[in-house]
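*Asks:* Structure in structure tokens, see below.
The values are calculated or read from the model by the stated rules, or taken from the named source; none is laboratory data. It should be emphasised that the depicted structure is a prediction, and the values quoted were computed from it without experimental measurement. Heads up, the Cβs are rebuilt from the backbone with ideal geometry, glycines too, and the neighbour counts pull from every protein chain shown.
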Amino acid sequence: MNARMNLFEELNRRNVLRAGILYAGAVWALSQGIAQLSPALGLPDWATRWFLIAAAIGFPFWIAFAWFYEFTAQGLKRESEVAADASITRSTGRKLDRAIIVVLAVAVVLLLTNTFVWKKGTGLQDGVASAIPTKSIAVLPFEDLSPGHDHGYFSAGLAEELLNALAKVQDLKVAGRASSFYYGSRNADLRTIGKALDVANVLQGAVRTQGEAVRISVQLVRTSDGFEVWSQSYDGELSNIFDLQERIARAITDHLKVVLTGSEQARLVPVATTSADAYADFVTAQTLVNKRVGDSLPRAIALLQKATTLDPKFARAWSKLAVAYAVFPQYTGADWTVSWKASDDAAHRALVLDPDDAEAYAALSYNQFSQRHYTDMVAPMRRALELAPDNSAVNYWAANELAAMGCTRDAEARIDVALANDPANTLLLFYKSMLRWREGDQPAALAYIHRGGTADSPFGALMLEFYDAAHGDLAGSAAQFANSTSKMGTKISLADLQTIYRGTYGGAAQHEAALKILEAHLDDDWAPTMLLQLGESARSFDLYERGHSGLSDAYLNWLWQPEPWSRKARQDPAFQGFAQRIGMVAYWKRNGWPDLCKAAPGKGADAFVCR
């Protein structure tokens, strides 16, 4: 007992107890300050946590320091030097007492500020957060925990399925798939995700499959502070996967206090197929369709063909097959005619099974667009937008068609609708950038390309090509053009693509060299576009009209750019007859003239003038 009393008295005499209280108070105050200022300073979620861990590690060293040393009026001295003079020890104690009072006062002020000011949305922390709806969520791609780690696409597909189910709930805001997966795949901190996607929660998860058995583990986490609201694991078989997803979706809506209405009360996740194998193939395939490049589309088509064979009544598999075939030639150089028929057949099969399938209507519209049936593309796209007004893919294709017809402002409005829920979608950002470029807003065009990883995609390279050329970097511009176009179906070599591009801005010799290469590739889908860039507009119109390429978007969009060769093409007298023969004028007369052209009735029924 005496030993314990002696130790306490010694700790008190050496001011160790006061030093410990001062340390704890300072750590408390600093941790509150870091937590409150993190959003403004861009600090990650783990900054406060690691500060506290570091402080805990440092505490024993601080106590040891206080045992051996004293702060005196003459500076830092060893305790043995001041032990004989009690007045120095008392003076140091009084200074520490005052420091403790100041630190604790600061900590209390920070606590009250956090409680009554910052969290009320009037301070820095919640200036943004207060605007984020509490009933909002981003679903991140699920981790593959299967023994062979070979079910990554399936795991990502299951996350997308849950996202799609939740997106249909009216009382819940759900971030778009492309944006959620972009941030999820980069392990972004939660505050970044919350701000970028305007969501208050994220759903993280993992999938483990072994044979027919499946386990889905999920966690619902707040983006503001990383607090885990709820977590659960669900075990089942592939045969009851829809019931597992239904339980997860309902648990999420319950925890977020979402009000379910109408059909939502009966079921959130519809039973899409009775075949577990067909569903597994579909889930994997839809991730591949979204990827587009490389061998993704051939693999997706093979899986979807297998899924529709296993279950011919699987409507969503048919509509996804229609989408895959619609874009297949653009990325692989496949036969357009064969793909159009396969896509149309799949879309019609889907609509027989589900007359409200928006993706099937969008695919039918895109096929009409690719076949240059411009007036016929309007009705199916209008129906797709009625069924899924917020769907990113549907809005993207609608904007694609409007932009190709020269309706820049209408196209941009459609892109803006899609970007509201999917702000990191590469395709949407590419189109937004291109449309800003058309309007002469170069800074904004460049800014959009540098969002969401778009600059590293073939679409980003396409826009950077324009920017580099406009700022005198022709070597960089040629490289960007070659890198981009080589990934979009052309069979022309990288070196020849650069030579062709240099002919756009070079002298007569470079122009002739470019034309010589193109003469050997006039059957290439990109040849009409390259002739357009080379200023050979009449030859370009003729080649496009006689050809069978489905690249209506890639070709026609080039007509509305602010570049000199676009202006030359619009002013070329041959453009009048070309636009009439391929159906653009008929589209304009029925749906409105493009932003840069208007009717010229005094010159004929179908005549128009462009600026």
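*Asks:* Which one of these does ASP553 not meet: (1) assigned to a loop (DSSP other than H, G, I, E, B); (2) modelled with pLDDT under 90?
*Replies:* Status for ASP553: all satisfied but (1).
*Asks:* Taking ASP410 as the residue in question, decide whether it is among the acidic types (Asp, Glu) and either in contact with a strand residue (DSSP E or B) (Cβ under 8 Å, 6 or more places away or on another chain) or under 29 Å from ARG611 (Cα atoms) (or both).
*Replies:* Taking the combined requirement at face value, the residue satisfies it.
*Asks:* Name, by its number, the condition in (1) in the same structural domain as ASP410 (by TED's automatic domain parsing); (2) in a helix (DSSP H, G or I) that does not hold for ALA280.
*Replies:* Among (1) in the same structural domain as ASP410 (by TED's automatic domain parsing); (2) in a helix (DSSP H, G or I), the lone unmet condition for ALA280 is (1).
*Asks:* Residue under question is ARG590, and the condition is that it be exposed (fewer than 14 other Cβ atoms within 10 Å of the Cβ) and in a helix (DSSP H, G or I); does it hold?
*Replies:* yes
*Asks:* Looking only at the range 576-589, decide whether some residue is touching a Cys at 6+ places or on another chain (Cβ under 6 Å) and touching a residue at least 24 places away in the same chain (Cβ under 8 Å).
*Replies:* no
*Asks:* Looking at the range 149-168 only, could you name the residues that are under 20 Å from ALA388 (Cα atoms) and either among the acidic types (Asp, Glu) or outside the structural domain of VAL207 (by TED's automatic domain parsing) (or both)?
*Replies:* Passing the criteria: GLU160, GLU161.
*Asks:* Sticking with this structure for a sec: Quick check on the range 547-555. Is at least one of its residues among the acidic types (Asp, Glu), farther than 24 Å from THR490 by Cβ, in contact with a helix residue (DSSP H, G or I) (Cβ under 6 Å, 6 or more places away or on another chain) and surrounded by 14 or more Cβ atoms within 10 Å (Cβ to Cβ)?
*Replies:* Looking for residues that are among the acidic types (Asp, Glu), farther than 24 Å from THR490 by Cβ, in contact with a helix residue (DSSP H, G or I) (Cβ under 6 Å, 6 or more places away or on another chain) and surrounded by 14 or more Cβ atoms within 10 Å (Cβ to Cβ), one finds none in the range 547-555, hence no.
*Asks:* If you go through the range 273-303, how many residues are touching a residue at least 24 places away in the same chain (Cβ under 8 Å), crowded, with 20+ Cβ neighbours inside 10 Å and aliphatic (A, V, I, L, M)?
*Replies:* So the answer is 9.
*Asks:* Separate question: Out of the helices (runs of 4 or more DSSP H) lying entirely within the range 347-406, which hold 2 or more residues that are at pLDDT 95 or above and farther than 20 Å from LEU429 by Cβ?
*Replies:* 358-370, 378-387
*Asks:* In the range 117-158, which residues are closer than 23 Å to SER263 by Cβ and at pLDDT 85 or above?
*Replies:* LYS135, SER136, ILE137, VAL139
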